[in-house]
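Okay, structure first, notes after.
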Amino acid sequence: MDTNGNKYTFIYASAMVILVAAILAITAIKLKPLQQKNINIEKKQNILSSVGISSTVSDAESIFAEKIVNSYIVNFSGEQIEGEAFNIDLKSERAKPEADRKLPVYECKTEEGTKYILPMYGAGLWGPIWGYVSVNDDMNTLYGAVFAHAGETPGLGAEISTSAFQKPFKGKKIFDENGSLVSIIVAKASENAPEEHKVDGISGGTITGKGLQAMLLNDFTSYKAFFTKKKQ
């Protein structure tokens with residue numbers, strides 16, 4: 001075959017494309033378990049962070065196994081159903097009608113009693129936001145919170161992932177004194193809101209803050225029957 005002809009060039013280029021594609025596909029398949037393991041470790045770190053437990057990549061799995069004493073799924077009626085809490089895809093569940101959602105719950109034993117850790121998922125300004133909120137055994141008082149985002153603006157909405165924003169959630173209330181679900185209000189310092197439900201918003205990140213507020217209200221509403229059952 002004429003190595004200077006168009007036919008040779010076309011065959012050679014096609015073969016190289018197929019070879020490179022095959023190499024990339026094989027590499028992706030081999031790396032997928034490692035990538036999934038890293039995702040799982042980060043998830044366990046975030047769950048632990050919601051109750052103030054620090055962990056590293058190397059010890060997150062062992063600490064999680066020790067501290068998270070129970071995990072399960074509940075439905076919108078607060079009833080426990082079959083399934084593995086850790087494997088629930090929050091994005092997929094939030095796309096379902098409320099009555100059909102599977103709601104993960106993690107229980108953590110601490111020196112201050114049992115804490116119930118609830119995953120949260122919602123929308124920020126530029127993409128999804130999510131997090132984990134821990135609740136005291138009164139099923140009303142927040143013990144801690146950790147949040148993350150896909151693409152919020154650095155220095156503005158992205159501040160939801162900082163400890164400075166997250167720490168004030170501790171001690172805030174989900175329900176008012178009459179038992180009505182108020183959730184958490186992300187507000188400007190000058191904005192009038194009950195202090196037991198209010199955390200300061202982010203300057204310049206109002207839309208992300210309100211998205212997080214809506215996320216908490218929506219998800220706490222989904223868990224409301226679970227809270228009620230636990231109080232009984």
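Every read-out reported here was derived from the displayed coordinates using simple, explicitly stated rules and does not represent laboratory data. It should be emphasised that the depicted structure is a prediction, and the values quoted were computed from it without experimental measurement. FYI the Cβ positions are ideal-geometry reconstructions off the backbone, even for glycines, and counts take in every protein chain you see.
Here is how the numbers come out for the structure above:
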item	result
Net charge dipole size for region 47-231 [Lys, Arg +1 and Asp, Glu -1 on Cβ; Debye, nearest 20]	300
Sequence of SER54, SER183, SER190 once ranked by neighbouring C-beta atoms within 10 Å, starting from the fewest	SER190, SER54, SER183
Of THR206, ALA189, VAL17, farthest towards positive along the dipole that unit charges on Lys, Arg, Asp, Glu beta carbons give the chain	VAL17
Ordering of 125-132, 73-80, 207-214 by burial proxy (mean other Cβ atoms within 10 Å per residue, highest first)	207-214, 125-132, 73-80
At 1.306 mPa s and 10 °C, Stokes D of the chain from Kirkwood alpha-carbon radius, µm² per second	80
Antiparallel %, DSSP beta bridges [both residues in the chain], to 5	90
Contact order relative to length of the chain, as percent, for alpha carbon pairs under 8 angstrom and 6 or more apart	15
Relative contact order (%) - criterion: Cα under 8 Å, at least six apart; region: region 37-159	21
222 nm mean residue ellipticity, helices alone, for the chain (DSSP H n ≥ 4; -39,500 (n - 2.57); rounded to 500)	-12000 deg cm²/dmol
Exposure proxy order (Cβ contacts within 10 Å, fewest to most) of VAL133, VAL199, VAL69	VAL69, VAL199, VAL133
Fewest-first sequence of TYR116, TYR121 by Cβ atoms within 10 Å of each Cβ	TYR121, TYR116
